[in-house]
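**Q** Got a structure here, written out as structure tokens. Questions coming.
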Amino acid sequence: MAKYIFVTGGVTSSLGKGIIAASLAKLLQARGLKVTIQKFDPYINVDPGTLNPYEHGECFVTEDGAETDLDLGHYERFLNIFTSQSNNVTTGRVYQTVINKEREGAYLGKTVQVVPHITDEIKRRMLLLGQGKGFDIVITEIGGTVGDIESLPFIEAVRQLQWELPEEDSVVVHLTLIPYLKAAKELKTKPTQHSVRMLSQEGVHPDVIVCRTEEALSPEIRRKVALFCNVKQEAVIEAADAPTIYEVPLAMMREKLDLICLKKMNITQYNEPELSKWKEFLDKLKYPKSKVTIGLIGKYIELQDAYKSILESFVHAGAMNECKVQIVNVHSEFITDDNVAEKLGTLDGLLVAPGFGMRGVEGKIIAVKYARENKLPFFGICLGMQMAAIEFARNVLGIAQAHSTEMNPNTPDPVIDLMEEQKQITSKGGTMRLGSYPCQIKEGTLARTIYGAELISERHRHRWEFNNKYLEQYEAAGMVASGKNPESGLVEIIELPNHPFFIGVQYHPELKSTVENPQPIFVHFVKAAREYADRKNATKNPLLQSEMI
Ligand code: GLN
């Protein structure tokens, strides 16, 4: 049986509960314990797959095809493990299970209620990962903020588990904010006191309080929080703003968050934390030797979280190349033939992002054309790959009306078309081609160099595909389908050999990049961008150019 750590949040949302939970998990893992981490979200959507990225940020997809909260991405990137459907539970999913059981007659004769039926189902799911899977510790992050109506059943489930489990088998970590009032030049503990009181009113007493703060906590402040919130002073943890999320595990280690939890759980068998790879990564991240500017072309660029995994993959790939990757967000809706050179002229690489629907599509196609013609390194992901296929059809193959039937159902030339198995599907939730599928890579291609393997597996989230009826025409004109699904023949990777770096993938490589295993396409793309920047600088500087010759 595993032991359980619950992470709750108070005062406000967006304090970085996911990062704190993932950092704690990282430290415990680095000490030799087998750890997993799960997220409980209090919204009624069965999963976040039906949410617009503006609502909730990126939808992360697991190996087994679950559409999940983006915090699972952090868990995987930090821990270098795979998560699954069971690592993300929403109120919607809990209710769906209980209501289905009610219809089957499982509660026959009983009134089905929030307590005990909903809370029992929450508890069952909270304990699930800890049973028979060999984990020493399961960390459960409770989404939302304490005091919200919708998170009450989750907090009640934690209360019951705190009571039901042996004392040393559960820990509650509460994350709060200690605001700094500039005018008074003071840190204020009152919101934290209120939030802990609220949690206590709901019956849960925290063992550890992690305080987000812009300023260092003095011993007096720590004492005050400890006294008024009824925790040991050593259990008041400072979580100051960090320059990168990847610093947080080390900051938490300095604050002994892991040791305090281990002590509460009465775990005495653990090692010194093995974080050498992590520290090596951080060093490279902090002291880059070069810099590139990559344009991210998308339609949700106002919201950082919408492309979370892509941005983090660039952090990993940048560190691997000892190169700082500066991302410039370019709104695809505003790109036109007239302004494309001005908007993209200073870039060293172009990434066309995944997406859905019509908005911003023509701008993406114009951007791809610019990258293809100007030999600017290009990387298209999912919709980005589809845009590259459409651009090539229109401007190289001369198929003027080529399009995807997603945007133009009546196009005479559907070079991107709805997958056969998608044609009968009408319901939206969890019905895309989701999760991990194999891809076979052709010898002698860029993709093969990048992966160094013939058979790979990557995660998917799409309904449309490259239309193989046009493949011969594409290949005759020089575009190569370098990766295909070995069973269905579905095109997974396209590339242009007469270009320094031009690759589009139907899958989402960003979902598998971790600190310890940066995703290889991102690594090679950053390298290609650096080489492009070097060439650009050499032509700008004739002295350097002559030296190079
Ligand atoms: N809208 C496209 C499709 O469903 C691309 C999806 C994506 O970019 N994730 O095929």
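Readers should treat all values here as calculations from the given coordinates under stated rules, not as data from a laboratory. Not measured: the values here are computed from a predicted model. Reconstructed Cβ throughout: ideal geometry from the backbone, glycine too, with neighbour counts over all protein chains shown.
**Q** Starting from a Cα-only point model with no solvent, please compute log10 I(q)/I(0) by Debye for segment 188-289 at q = 0.10, 0.13, 0.16, 0.18 1/Å.
**A** -0.36, -0.58, -0.81, -0.95
**Q** Next question, about the same structure. So, R0 is 60 Å and r is the distance between the beta-carbons of residue 113 and residue 531; what FRET efficiency does that work out to, to 0.05?
**A** Details: r = 64 Å, r/R0 = 1.06.
Efficiency computed from Cβ-Cβ geometry: 0.40.
**Q** What distance in nm separates the simple spin-label points at residue 359 and residue 1, each placed 7 Å from Cα in the Cβ direction?
**A** 5.0 nm
**Q** Can I get the semi-axes of segment 13-152's equivalent ellipsoid? Compute them from the C-alpha gyration tensor as square roots of 5 times the eigenvalues, in angstrom, largest first.
**A** So the equivalent ellipsoid measures 26, 18, 14 Å along its semi-axes.
**Q** Hey, could you pull the Cα Rg and Dmax for segment 419-527, both in Å?
**A** Rg and Dmax of segment 419-527, Cα atoms, are 14.5, 43 Å.
**Q** Also, quick follow-up: How large is the dipole of the chain about the Cα centre if only Lys and Arg carry +1 and Asp and Glu carry -1, each at its Cβ, rounded to the nearest 20 debye?
**A** 980 debye
**Q** Still on this model: Check each of the trypsin sites (Lys or Arg not before Pro) in segment 69-133 and keep only those in coil by DSSP with at most 14 other C-beta atoms within 10 angstrom; list them in order. List each step's numbers first, then the result.
**A** Numbers: sites: 77, 93, 101, 103, 110, 123, 124, 125, 133; in loops: 110, 133.
Of the trypsin sites (Lys or Arg not before Pro), the ones in loops of segment 69-133 whose Cβ has at most 14 other Cβ atoms within 10 Å are 110, 133.
**Q** For the pair residue 284/residue 401, report the inter-label distance in nm, with labels modelled 7 Å from Cα in the Cβ direction.
**A** 5.0 nm
**Q** Next question, about the same structure. Give the cross-link partners of residue 423 among the lysines, using a straight C-alpha distance below 20 Å as the criterion and excluding same-chain residues fewer than 8 apart.
**A** Straight-line reach from residue 423, under 20 Å: 469.
**Q** Sorted from fewest to most neighbouring beta carbons within 10 Å, what does the list 208, 231, 368 look like? Let's see the in-between values first.
**A** Details: 208 23, 231 20, 368 27.
Result, fewest neighbours first: 231, 208, 368.
**Q** For the cross-link pairs 26/284; 279/540; 264/284, which exceed 26 Å when the distance is taken from alpha carbon to alpha carbon? Write out the running numbers ahead of the final one.
**A** Values: 26/284 19 Å; 279/540 37 Å; 264/284 35 Å.
Among 26/284; 279/540; 264/284, the Cα-Cα distance tops 26 Å for 279/540; 264/284.
**Q** Under 37 °C and 0.692 mPa s, how fast does the chain diffuse according to Stokes-Einstein, given a Kirkwood radius computed over C-alpha pairs? Answer in µm²/s, whole number.
**A** Rounded to a whole number, D works out at 130 µm²/s.
**Q** Starting from the 7 Å offset along Cα-to-Cβ, what nm value, one decimal, do you get for the label separation of residue 539 and residue 214?
**A** Each label point lies 7 Å from its Cα, and together they span 4.5 nm.
**Q** Within segment 137-245, report the trypsin sites (Lys or Arg not before Pro) that DSSP leaves as loop and that have at most 13 other Cβ atoms within 10 Å. Before the final figure, lay out the partial values.
**A** Details: sites: 159, 182, 185, 188, 197, 212, 222, 223, 224, 232; in loops: 182, 185, 188, 232.
When the trypsin sites (Lys or Arg not before Pro) of segment 137-245 are filtered for loop state and at most 13 Cβ neighbours within 10 Å, 182, 185, 232 remain.
**Q** Hey, another quick one. For helix 219-229, what angle does its Cα long axis make with the longest principal axis of the chain, in degrees from 0 to 90 and rounded to 10?
**A** 70 degrees
**Q** For segment 98-168, build the convex hull from the C-alpha positions and give me its volume per residue in Å³.
**A** Looking at segment 98-168, the number lands at 126 Å³ per residue.
**Q** Working out 0.36 nm times the residue gap between residue 270 and residue 423, then minus their Cα-Cα distance, what length gain in nm do you get to one decimal?
**A** Separation in residues times 0.36 nm, less the Cα-Cα distance, equals 49.7 nm.
**Q** Where a Cα-Cα gap under 19 Å defines reach, which lysines qualify for residue 299, not counting those fewer than 8 residues away within the same chain?
**A** Residue 299 reaches 308, 343, 364, 369.
**Q** On C-alpha positions alone, give me the angle between the axis of helix 190-201 and the longest principal axis of the chain, in degrees, nearest 10.
**A** The helix 190-201 is inclined about 70 degrees to the chain.
**Q** Charges at C-beta only: +1 for Lys and Arg, -1 for Asp and Glu. How large is the resulting dipole of segment 172-325 about its Cα centre, in Debye rounded to 20?
**A** Charge dipole of segment 172-325: 280 debye, to the nearest 20.
**Q** Classify segment 263-407 as rounded, prolate or oblate from the Cα gyration tensor: take a ≥ b ≥ c as the square roots of its eigenvalues, call it rounded if a/c is under 1.5, otherwise prolate when a/b beats b/c and oblate if not. Show your work: numbers first, answer last.
**A** On the way: a/c = 3.00, a/b = 2.08, b/c = 1.44.
Taking the square roots of the gyration eigenvalues as a ≥ b ≥ c, segment 263-407 is prolate.
**Q** Please list 420-430, 445-455 highest first by mean number of surrounding beta-carbon atoms within 10 Å per residue.
**A** Answer by packing, highest mean first, reads 445-455, 420-430.
**Q** Order by neighbour count: 385, 432, fewest other Cβ atoms within 10 Å first, most last.
**A** Taking fewest neighbouring Cβ atoms as first place, the list is 432, 385.
**Q** Moving on to the next point. How high is the FRET efficiency between residue 227 and residue 254 when r is their beta carbon distance and R₀ equals 30 Å, given to the nearest 0.05?
**A** Result of the calculation: an efficiency of 0.85.
**Q** How many percent of the alpha carbon pairs in segment 98-233 exceed a separation of 24 Å?
**A** 43 percent
**Q** Compute and list, largest first, the equivalent-ellipsoid semi-axes of segment 317-394 from the alpha carbon gyration tensor, each √(5λ) rounded to a whole angstrom.
**A** 21, 14, 12
**Q** Which order do 278, 464 fall in if you start with the one that has the fewest other Cβ atoms within 10 Å? Walk me through the numbers before you get to the answer.
**A** Details: 278 19, 464 22.
Result, fewest neighbours first: 278, 464.
**Q** Could you tell me whether segment 229-292 comes out rounded, prolate or oblate from its Cα gyration tensor? Rule is a ≥ b ≥ c as square roots of the eigenvalues, rounded for a/c under 1.5, then prolate if a/b exceeds b/c, otherwise oblate.
**A** oblate
**Q** Roughly how many debye, to the nearest 20, is the charge dipole of segment 1-140 about its Cα centre, given +1 on each Lys and Arg Cβ, -1 on each Asp and Glu Cβ, and no other charges?
**A** Charge dipole, segment 1-140, about its Cα centre: 620 debye, nearest 20.
**Q** While we're on this one: Quick check: the angle from helix 17-30's long axis to the longest principal axis of the chain, C-alpha only, nearest 10 degrees?
**A** Relative to the chain, helix 17-30 is tipped by roughly 90 degrees.
**Q** Rounded, prolate or oblate: which fits segment 156-214, taking a ≥ b ≥ c as square roots of the Cα gyration tensor eigenvalues, rounded meaning a/c under 1.5, else prolate when a/b beats b/c?
**A** It is prolate, given that a/c is not under 1.5 and a/b is the larger ratio.
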